[in-house]
1. Filter the stretch 175-210 down to residues that are closer than 14 Å to K262 by Cα and either in contact (Cβ under 8 Å) with a residue 60 or more places away in the chain or part of a loop (DSSP other than H, G, I, E, B) (or both), then give me how many there are.
2. Out of all the residues in the stretch 152-167, which are modelled with pLDDT of 95 or more and part of a loop (DSSP other than H, G, I, E, B)?
3. Do any residues in the stretch 113-142 that are closer than 27 Å to L9 by Cα have Cβ atoms under 8 Å from those of residues that are acidic (D, E) and surrounded by 10 or more Cβ atoms within 10 Å (Cβ to Cβ), where the two are at least six apart or on different chains, and which pairs are they?
4. Just a yes or no: is a residue in the stretch 232-243 touching a Ser or Thr at 6+ places or on another chain (Cβ under 9 Å) and modelled with pLDDT of 95 or more?
5. Let me confirm something: among L186, L244, L191, L202, which residue is assigned by TED's automatic domain parsing to the domain that holds K166, over 15 Å from L165 (Cα atoms) and buried (at least 20 other Cβ atoms within 10 Å of the Cβ)?
6. Hey, can you tell me all the residues within the stretch 216-244 that are more than 18 Å from T168 (Cα to Cα) and among the β-branched types (V, I, T)?
7. Is it the case that E127 is exposed (fewer than 11 other Cβ atoms within 10 Å of the Cβ), more than 30 Å from L185 (Cβ to Cβ) and modelled with pLDDT of 75 or more?
8. Do we find a residue being surrounded by 13 or more Cβ atoms within 10 Å (Cβ to Cβ), at positive phi and in a loop (DSSP other than H, G, I, E, B) anywhere in the stretch 216-227?
Amino acid sequence: MNHDQWLELGDLCAVGALDGRGLAEFEAHLATECAQCAARIRETREALALMPRALAEVAPPPALRARVLAAVASEPAPVPRPSAVPAPRPSARRPGRALWWTGWAGLAAAAALLLFVNAELRSTRNELRVLQDRMTTLQTELSERESALRFLSDPNVRYVSLGGLKPTPDASAWLLWNPGTRQGLLLARGLPAPPAGQAYELWGLAGAQPVPAGVFSVDAAGRGLLKLPQLPEGHTFDAFAVTLEPAGGVPKPTGTMHLHGKVL
C-alpha cells in the first residue's frame, strides 16, 4: 500500500468511518510512528471541528420536521407531582433537536467535502506526475535533437561509405565521422539478422590496429543504427569495418568481416 492510500485511510479514521480490519491495519501503521499520518488525522479533525461553524444552519426537511412534531405530540403528558419540577413544554425541546440535526448534517457535509477534495487532489497529483514524466521525455528528445544538429553542422564531419564484402555483397553503410571529437553515427542497410547470441561490431582501423567502436543489431529490413562512443585519443583512423561477433562485443575482431570503408 502506498502512502497516499494510508493518508486516505487517515481521513476516514478522523471522521469515524474506519472500522474492522481497515482500522486495525491503520492503527498498526500509526504504531510505526508515522508522523505524516498522525498529522493528517489531527488536521482533519481540526478541520471537521471548525467547518460546522462556517456553515449556515439548515432546517430539517419538512417531512422529517412533521414526523418529529407528530411523535412529540403523541407522547403522553407526564403526571405532575407536588414536589416535581414542571415538565418542559414540547416546544422547548424542538430547537434542541433541530440543533442536533444541524450539527450532524454539518459534520456529514464537511466529511463528504473533505473526502471529495482529497480525491480531487490525488487525481490532480497523478495528472501532474504524468505531465512531468512527459515533459522529461520531451526535454530528453529535444536535447538529443540539438546534439544531432550540432554534430551534423560541424564542418569537421567526414562522410565514410562502407561497402558490402563477400558474405553480404548487397549490404552497405554510411558513417558520419568527426575526427576532432572522435565521435560518429553509423547507418547500415541490407545486413541479415545475426544468429542468436551474436551481433555486429564496428571497428575503427588505425593502420593495422582495430579499435572497438560499438555493437549493434538490425531490424527485419536489415537496417541498423549506431551512435559511436567517443573513441580513444592517440589514434588516426583511416578506415572502418563491421564484423559479426558474440553479442556484447569483443576487444579484438574474431568473426567474418561484412562491411569496410576508407576515410577519404
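1. Of the residues in that region, 5 qualify.
2. L165
3. Cβ pairs passing all conditions: L114/D11; L115/D11; N118/E8; N118/D11; R122/D4; R122/E8; R125/D4.
4. Applying the first criterion (touching a Ser or Thr at 6+ places or on another chain (Cβ under 9 Å)) to the stretch 232-243 yields 243.
Retained after the next criterion (residues that are modelled with pLDDT of 95 or more): 243.
Within the stretch 232-243, one or more residues are touching a Ser or Thr at 6+ places or on another chain (Cβ under 9 Å) and modelled with pLDDT of 95 or more.
5. Working: L244 fails: over 15 Å from L165 (Cα atoms); L191 fails: over 15 Å from L165 (Cα atoms); L202 fails: over 15 Å from L165 (Cα atoms).
Being assigned by TED's automatic domain parsing to the domain that holds K166, over 15 Å from L165 (Cα atoms) and buried (at least 20 other Cβ atoms within 10 Å of the Cβ) holds for just one of L186, L244, L191, L202, which is L186.
6. So the first thing to find is which residues in the stretch 216-244 are more than 18 Å from T168 (Cα to Cα), and the list is 226-239.
Residue satisfying the conditions is T236 alone.
7. Values: exposed (fewer than 11 other Cβ atoms within 10 Å of the Cβ): yes; more than 30 Å from L185 (Cβ to Cβ): yes; modelled with pLDDT of 75 or more: yes.
Yes.
8. Checked against the condition, which is being surrounded by 13 or more Cβ atoms within 10 Å (Cβ to Cβ), at positive phi and in a loop (DSSP other than H, G, I, E, B), the stretch 216-227 yields at least one hit.
The values are calculated or read from the model by the stated rules, or taken from the named source; none is laboratory data. The structure displayed is predicted, hence computed values, not measured ones. Neighbour counts are summed over all protein chains in view; Cβ atoms, including those assigned to glycine, are modelled from backbone coordinates with ideal geometry.
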